[in-house]
Amino acid sequence: MSFLSRRRWSPYAVGSLIGMLSWFAFVTADRPLGVSTALAKTAGMVEQTIAPGYVAANPYFRKFAPAVDWEWMLVAGIFLGAFVSARLSGDKPEAQVPRLWQRRFGPSRALRYAAAFVGGVILAVGARLAGGCTSGNGISGSLQLAVSGWLFFACLFASGLATAFLLYGKEAELD
C-alpha cells in the first residue's frame, strides 16, 4: 500500500484505473462516467426544498431526478479521495498563491480564490451547456470511440494552452 503515499502516480496507471472504472460504470449502471449531472441534481435537491412544484414540472428534473445516486457519490468520492491522498502523501502546496500567479497578478489570496471560483462556475456552466463534463464528454466519449469525445479532448487541450498563454504569456514556460 506504499503507492498510496506517493506524491505523483504514473499517468498510465491512473488512466488504466479510470478506464476500468468507466467499464465498471457501464456494466453496473449502464451509464458513462460523469460528474456534472451531480451538480445539477444537487441544485435540484436544494430547489425542491424551496419550490417543489417547479422541480416536479421541470422536464430536465423529470429526466434526471434530483437525488443522491452513484454519480453524486462519485463526486463525494473524488473529494474524499483527494483529501486522503493529500494526507497520506504529505503533499501540501508550498504557497497559497503560486509564484507564477504572484508575478502576474500579485500576492492576494482573495483574488486567487475569487478567480478560481469564477473559473469553476464558468466550467460548470459550460459543462451543462455541452451536455457533460471532462469525464462525460472526454473520457467516456473517447472510450466509446465517439468522434465527439476525441474532438472534445482536442478542444480542451487547445483552449487550455490558449488560456495559459493569455493569462501568463511567455512566463507560463518558466514554471
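The values are calculated or read from the model by the stated rules, or taken from the named source; none is laboratory data. Worth saying up front: this structure is predicted, and the values here are computed from it rather than measured. FYI the Cβ positions are ideal-geometry reconstructions off the backbone, even for glycines, and counts take in every protein chain you see.
Filtered by the rule that a residue be within 28 Å of Tyr168 (Cα to Cα), of a type in the set (A, V, I, L, M, F, W, C) and either over 21 Å from the mean Cα position of the chain (by Cα) or not assigned by TED's automatic domain parsing to the domain that holds Thr28 (or both), region 67-96 gives a lone residue, Ala95. Close contacts from region 105-125, counting a first residue that is closer than 30 Å to Asn137 by Cα and a second that is surrounded by fewer than 13 Cβ atoms within 10 Å (Cβ to Cβ), with Cβ to Cβ under 8 Å and a gap of 6+ residues or different chains, come to Arg112/Gln96.
Per-residue answers, yes or no, for (1) under 24 Å from Cys133 (Cα atoms); (2) among the aliphatic types (A, V, I, L, M); (3) in contact with a helix residue (DSSP H, G or I) (Cβ under 7 Å, 6 or more places away or on another chain):
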{"site": "Ile18", "(1), (2), (3)": "yes, yes, yes"}
{"site": "Gly53", "(1), (2), (3)": "no, no, no"}
{"site": "Trp70", "(1), (2), (3)": "yes, no, yes"}
{"site": "Phe117", "(1), (2), (3)": "yes, no, no"}
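Name the one entry in Gly34, Gly19, Gly81 that is surrounded by 13 or more Cβ atoms within 10 Å (Cβ to Cβ) and assigned to a helix (DSSP H, G or I).
After ruling out the rest, the residue left standing is Gly19.
Among the residues of region 37-47, those identified as surrounded by 16 or more Cβ atoms within 10 Å (Cβ to Cβ) and not aliphatic (A, V, I, L, M) are Thr37, Lys41, Gly44. Residues that are part of a helix (DSSP H, G or I), surrounded by fewer than 13 Cβ atoms within 10 Å (Cβ to Cβ) and under 16 Å from the mean Cα position of the chain (by Cα) occur in region 129-152; there is at least one. Scan region 50-66 and give yes if some residue there is of a type in the set (A, V, I, L, M, F, W, C), surrounded by 15 or more Cβ atoms within 10 Å (Cβ to Cβ) and within 16 Å of the chain's Cα centre (by Cα), otherwise no. Scanning region 50-66, I find no residue that is of a type in the set (A, V, I, L, M, F, W, C), surrounded by 15 or more Cβ atoms within 10 Å (Cβ to Cβ) and within 16 Å of the chain's Cα centre (by Cα), so the answer is no.
When Leu17, Leu74, Leu39 are screened for being in contact (Cβ under 8 Å) with a residue 12 or more places away in the chain, more than 18 Å from Val125 (Cα to Cα) and not acidic (Asp, Glu), only Leu74 passes. Confirm whether Val46 is β-branched (Val, Ile, Thr) and under 16 Å from Ala124 (Cβ atoms). Yes; evaluated as a whole, the condition is true for this residue.
Of all residues in region 1-16 being of a type in the set (S, T, N, Q) and surrounded by 10 or more Cβ atoms within 10 Å (Cβ to Cβ), which is farthest from Ser85 (Cα to Cα)?
Restricting to residues being of a type in the set (S, T, N, Q) and surrounded by 10 or more Cβ atoms within 10 Å (Cβ to Cβ), the top hit is Ser16.
Anything in region 135-149 that is without any contact (Cβ under 8 Å) to a residue 60 or more places away in the chain and touching a Gly at 6+ places or on another chain (Cβ under 7 Å)? List them, or say none. So that I can check it myself, show each step before the final result.
Going residue by residue through region 135-149, those that are without any contact (Cβ under 8 Å) to a residue 60 or more places away in the chain are 137-138, 142, 145-149.
Within region 135-149, Asn137, Gly138, Ser142, Ser148, Gly149 meet the criteria.
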